[in-house]
Amino acid sequence: IGSLCFQGIDIDEYDVMGGLMGKPLELVKCQTVDLEVPAFGEICLEGYVDKAERNQEGPFGEFASLYGGPVLNPVVKLTAMTMRRNPIYMDICSGTTEHQELGALPRLGQIYSQAKLAAPGVKDVYMPPSGFGRNSCYLSIKKTVEGEGANVAAAVFGTDPFVRHVVIVDSDVNIFNESEVLRAINLYMRPDNCFIIKNAKGSPIDPTNRDGIVSKIAIDATRPLNSKTRKIDYSQGLDEIDLNKIFGN
């Protein structure tokens, strides 16, 4: 269900899960609360939240490999627990690549959809582990007019408040290879084409935040549309070389 967290409030996530499975998701009624849950779930915890009761929770390790501070959170009162025979309980270590990628994956679809509205030439989007699956976002676009990079970056910031750095590159750059992204930045980034957003909402556990407020930067590392530069082609002319003639064999 976590991967569906960006669905609208009026969309039944069980319907979406059934669509992904290609068949209806079988549900079963809970024992102590008026809800239905997947029939073949491993463990089901039933209960309720008393809005008047809160207790200190944390500190916990967070996605950025740092500890978050303790906070007062609502208390869940458990009323029942059911499970399959020999249930599987999956856990991950906070701040690891696995944790970061699980957080990034559900964000990517929503970011892609909104960025595509800003510029139809958007080809792909990636939130790398180096940005903890939250802070950084790389997008490749096939630019048709100048300025589309800025529009795409603005769409990303408006979609996900956790994103602090957006990098826009051309469609021939492999955004899943950070060396290629850095090469594009070092070749084509013009500081006057980048923009900074101050006093923006960010992640509450971002170490740069002040009362939840952060600064964000968008980096346009796309080539100008009228650029005459070409990447070196080391294979050019190789088919014309006859080593037998060169070495006399």
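Taking the criterion of being of a type in the set (Gly, Ala, Ser), over 17 Å from ALA64 (Cα atoms) and under 9 Å from the mean Cα position of the chain (by Cα), the only residue of the range 88-120 that qualifies is GLY109.
Looking at SER179, SER171, just one residue is under 17 Å from VAL125 (Cα atoms) and either exposed (fewer than 10 other Cβ atoms within 10 Å of the Cβ) or outside the structural domain of ASP124 (by TED's automatic domain parsing) (or both), and that residue is SER179.
Here's the yes/no breakdown for (1) outside the structural domain of ILE175 (by TED's automatic domain parsing); (2) assigned to a strand (DSSP E or B); (3) surrounded by fewer than 14 Cβ atoms within 10 Å (Cβ to Cβ); (4) in contact with a Cys (Cβ under 6 Å, 6 or more places away or on another chain):
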{"site": "PRO74", "(1), (2), (3), (4)": "yes, yes, yes, no"}
{"site": "LEU78", "(1), (2), (3), (4)": "yes, yes, yes, no"}
{"site": "ILE88", "(1), (2), (3), (4)": "yes, no, yes, no"}
{"site": "GLY103", "(1), (2), (3), (4)": "no, no, no, no"}
{"site": "LEU108", "(1), (2), (3), (4)": "no, no, no, no"}
{"site": "SER113", "(1), (2), (3), (4)": "no, no, no, no"}
{"site": "LYS116", "(1), (2), (3), (4)": "no, no, no, no"}
{"site": "VAL125", "(1), (2), (3), (4)": "no, yes, no, no"}
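When you look at PHE63, is it within 30 Å of GLY131 (Cα to Cα) and either modelled with pLDDT of 85 or more or aromatic (Phe, Trp, Tyr) (or both), yes or no? The answer is yes for PHE63. Evaluate the range 191-206: report whether one residue or more is part of a loop (DSSP other than H, G, I, E, B), in the same structural domain as GLY109 (by TED's automatic domain parsing) and either under 20 Å from GLY121 (Cα atoms) or modelled with pLDDT of 90 or more (or both). Yes: the range 191-206 contains one or more residues that are part of a loop (DSSP other than H, G, I, E, B), in the same structural domain as GLY109 (by TED's automatic domain parsing) and either under 20 Å from GLY121 (Cα atoms) or modelled with pLDDT of 90 or more (or both). Here MET83 does not qualify as touching a helix residue (DSSP H, G or I) at 6+ places or on another chain (Cβ under 9 Å) and surrounded by 13 or more Cβ atoms within 10 Å (Cβ to Cβ).
Within the range 59-81, the set of residues being hydroxyl-bearing (Ser, Thr, Tyr) and in contact with a strand residue (DSSP E or B) (Cβ under 8 Å, 6 or more places away or on another chain) comprises TYR67, THR79. Selection of the range 138-151 for residues being modelled with pLDDT under 95 and surrounded by 24 or more Cβ atoms within 10 Å (Cβ to Cβ) yields only GLY149.
Taking the conditions exactly as written (surrounded by 14 or more Cβ atoms within 10 Å (Cβ to Cβ) and either of a type in the set (Phe, Trp, Tyr) or in the same structural domain as GLY109 (by TED's automatic domain parsing) (or both)), does LYS216 satisfy them or not? It is true that LYS216 is surrounded by 14 or more Cβ atoms within 10 Å (Cβ to Cβ) and either of a type in the set (Phe, Trp, Tyr) or in the same structural domain as GLY109 (by TED's automatic domain parsing) (or both).
The values are calculated or read from the model by the stated rules, or taken from the named source; none is laboratory data. Every value quoted in this text rests on a predicted model; they were computed, and no experiment measured them. In this analysis, Cβ positions are derived from the backbone assuming ideal geometry, glycine residues included, and neighbour counts consider all displayed protein chains.
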